[in-house]
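Have a look at the structure below, then the notes.
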Amino acid sequence: MNQEKIGKFIAENRKLKKMTQVELAEKLGVSDRSVSKWENGRCMPDLSLFEPLCTELGITINELLSGERLKKEEYQKELEKNIVNTIDYSQKQIENQKRKLSYIIMVIGILISVSAFIIFSPESSWSSIYSMLGILIFIVGVFKKLKTQNKIKKLGISVLVMVVIFFLFYIIDFVSVMSFHRPPIYRYITATEWKESKIITYKSLFYNVYRINADTSNEYYIVDTKKEYNSDTIPITPFNRDKSGIDNIINYRNKYIGNNSNIGNLISNLPLSEYGYVFEIDSKNNGLIISYNTTDWYYNENQYINKALIYNSVSIFMLIDNVNYITFNFSGGTYKVEKSVIQENYPNYFDILSDGKIDKNKFNEYVENKMNDNTFVEKIFRECFSS
């Protein structure tokens, strides 16, 4: 079926009937753009328009499909050929419609899956539900698009594509969890319990995520890719571990207190900085005075202030070599601590800090984890701090 030849034939007969493209289009109930496309050979009229088009142009359907006027002796021969061509054209049209429908279904599936990441919070189970729904819709489109007539083969390919897409989304979700510290979308268990703080556990296929101090300013996440922890062994601290943990604050290790920028960065990452502060350095006596914009007793529920002062003191003394004392000022009181007193009374101090090097594991064991022991905190605070 020669579309270009047919198009020229339509244009020729339209002009013989002294009709414009607009006039022909109005008679057929289509747009003049459609008529233009036919005449330029870019597409064929719809099968339902063959009869009314031929009536308006004064030709037969056989002549339309041949793209020329036919003599009597040619009519039967061309008729048979055109019937075959029409059937083939119809099948191609049906296949094109199916293909378009498949693409539409796949696009809808992708949009639903992507919107699940954008619209819903990762904490909501709807994000995973809509994401999986989008993937299933996409696979329906893939199934329809596959040309093979073997349904088992089509199903197998579709399932394989679904698995590949799911793991692609799963990897994207994992990267987002690691990068933005959020709950995983693809999880099969969400459990909340109270220990020293509110802990939410998200269990995913290949890793677990622990949300410690949930819904507080000191919330932090631990992504357990080895599944080595459980709610009893997960490292718990009353502070924001991502910010105040030794893995971060060790970056501000310095021999001298005089580096104001380094001291400021260190204090900003330690507990209590969330309330605002100013600091000054006593260069003569190698001391550090930190004044926090809060009242000491107001936020001391569960000894939070006491724990923070101990943690901050041990951290600063270990990280800044020549600091001899620290004074902490609050609107309700002042507390002073000396390095020599901490060294004498804080258990395992010199196991953590050996030959000028900090053992991170021992810091976590003897400092971070000890902040959960209220009896220990009360004892150290009483022995080391003067007010």
Single match in GLN149, GLN97, GLN93 (criterion: in a loop (DSSP other than H, G, I, E, B), out of contact with any Pro (no Cβ under 6 Å at 6 or more places or on another chain) and either modelled with pLDDT under 90 or within 26 Å of LYS203 (Cα to Cα) (or both)): GLN149
Filtered residue count, segment 224-253, keeping only those that are outside any helix (DSSP H, G or I), buried (at least 16 other Cβ atoms within 10 Å of the Cβ) and not aromatic (Phe, Trp, Tyr): 8
Candidates TYR311, TYR298, filtered to the one that is hydroxyl-bearing (Ser, Thr, Tyr) and under 19 Å from CYS384 (Cβ atoms): TYR311
Residues located in segment 152-209, provided they are over 27 Å from GLY141 (Cβ atoms) and part of a helix (DSSP H, G or I): VAL177, MET178, SER179, PHE180
Verdict on VAL341 being of a type in the set (A, V, I, L, M, F, W, C) and crowded, with 19+ Cβ neighbours inside 10 Å: no
Qualifying residues in segment 109-148 (those that are among the β-branched types (Val, Ile, Thr) and in contact with a Gly (Cβ under 8 Å, 6 or more places away or on another chain)) - the one surrounded by the most Cβ atoms within 10 Å (Cβ to Cβ): ILE139
Given (1) buried (at least 21 other Cβ atoms within 10 Å of the Cβ); (2) out of contact with any strand residue (DSSP E or B) (no Cβ under 9 Å at 6 or more places or on another chain), index of the condition ASN348 fails: (1)
Members of segment 17-50 that are in contact (Cβ under 8 Å) with a residue 40 or more places away in the chain and over 50 Å from the mean Cα position of the chain (by Cα): LYS17
Failed item in (1) over 14 Å from PHE381 (Cβ atoms); (2) assigned to a strand (DSSP E or B); (3) hydroxyl-bearing (Ser, Thr, Tyr), with TYR335 passing the rest: (1)
Single condition TYR103 does not satisfy, out of (1) assigned to a helix (DSSP H, G or I); (2) farther than 30 Å from GLY134 by Cα; (3) modelled with pLDDT of 80 or more: (2)
Number of positions in segment 217-276 that are touching a residue at least 60 places away in the same chain (Cβ under 8 Å) and closer than 17 Å to ASP321 by Cβ: 9
Criterion violated by TRP297 - all others in (1) closer than 26 Å to SER197 by Cβ; (2) out of contact with any helix residue (DSSP H, G or I) (no Cβ under 7 Å at 6 or more places or on another chain); (3) outside any loop (DSSP other than H, G, I, E, B) satisfied: (3)
Those residues of segment 14-54 which are surrounded by 13 or more Cβ atoms within 10 Å (Cβ to Cβ), over 18 Å from ASN2 (Cα atoms) and hydroxyl-bearing (Ser, Thr, Tyr), in sequence order: SER31
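The values are calculated or read from the model by the stated rules, or taken from the named source; none is laboratory data. A quick note: this is a predicted structure, and the numbers were derived from the prediction, not measured. Positions of Cβ are generated from backbone atoms using ideal geometry, with glycine treated the same way; all protein chains shown enter the neighbour counts.
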